[in-house]
Structures are given as C-alpha cells and as structure tokens.
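Below is one structure; the comments refer to it alone.
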Amino acid sequence: MSVKHQFTICPTQQLPELGKFSFNLLYRGTPRNAVLVRFQGEVYGYLNQCVHMPKALDCENSNIFDESGRYLQCSMHSICYDPVSGESLSEICLGKKLTALKVKEQDDWIYLVDKRAVITG
C-alpha cells in the first residue's frame, strides 16, 4: 500500500463561493504563496502569481474575483483569468496560464494532493 501525498489546507467552510484562501507552500523546493478559490461550487488551487508580472494576484487589494464574479483578476493590472482553467483572458497574456495545483475536497476539508508541493505553514 502506497503512502498518499496529501496535506490539509483548510476546512471547507473557510472557502465560500467566490472566496479565496491563501496559504504558503514549497513548490518544487521554492517557497511560494498559493490560493484556493471556489467557483460554481468547485475548488481550484493556483500559485498566487500573475503571468503578466511576478506579483500576487491580490497584491493591491484582497479581492481575487472581478466585479462580475466570473473571472479571477490580478489587482495590479486587471489581467483576467478563467477560474476553472487558469487561462489568461487578457490580450497581452493570451496563451498563458496560472500554475494550477492539484487539490481535493473531501469530508469537509480541502487538501493539497500535488506531488510538486508541500505545505510549509
């Protein structure tokens, strides 16, 4: 029987619809910040870094969704992303994506299950 690569991130109730939850991790050995978001009932995880500039998506304010609630948006230059795929929808970054993290929601908890990353605190 193999040991599963799984780290507890937070209880489900800490991530409401269109909410975010930030946490730190080591991604491929490098300290990084990451975010969970809930969109249409599903949980998605991404490294918290815009593809346009190496800034956190929420570097200017705490909002991570745009005003419509349909897109993730970098607070610095308003670069928009599909919350499901992480793909940039802004012309200057077309074809680029946020770095997705494998996460799962089970038994009222959200877990990191990405072999490239470990929770650091």
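Laboratory data are not the source of any read-out in this text; all were calculated from the coordinates shown. Everything numeric here is computed off the predicted structure, so don't read it as measured data. Every residue, glycine as well, gets a Cβ built from its backbone with ideal geometry; the counts of neighbours run over all protein chains shown.
Summary table
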item: Gaussian network model of the chain, springs between alpha carbon atoms under 10 Å - residue of 84, 35, 43 with greatest fluctuation; result: 84
item: Residue of 38, 28, 70 that the Gaussian network model of the chain assigns the largest fluctuation, springs spanning Cα pairs under 10 Å; result: 28
item: Cysteines, the chain, no other Cys beta-carbon under 4.7 Å; result: 10, 59, 80, 93
item: For the chain, with +1 on Lys and Arg beta carbons and -1 on Asp and Glu, the positive-most of 84, 119, 18 along the dipole; result: 119
item: Whole-number percent relative contact order across the chain, with pairs defined as alpha carbons under 8 Å at least 6 apart; result: 29 percent
item: Fluctuation leader among 73, 49, 40 - the chain, Gaussian network, Cα springs under 10 angstrom; result: 40
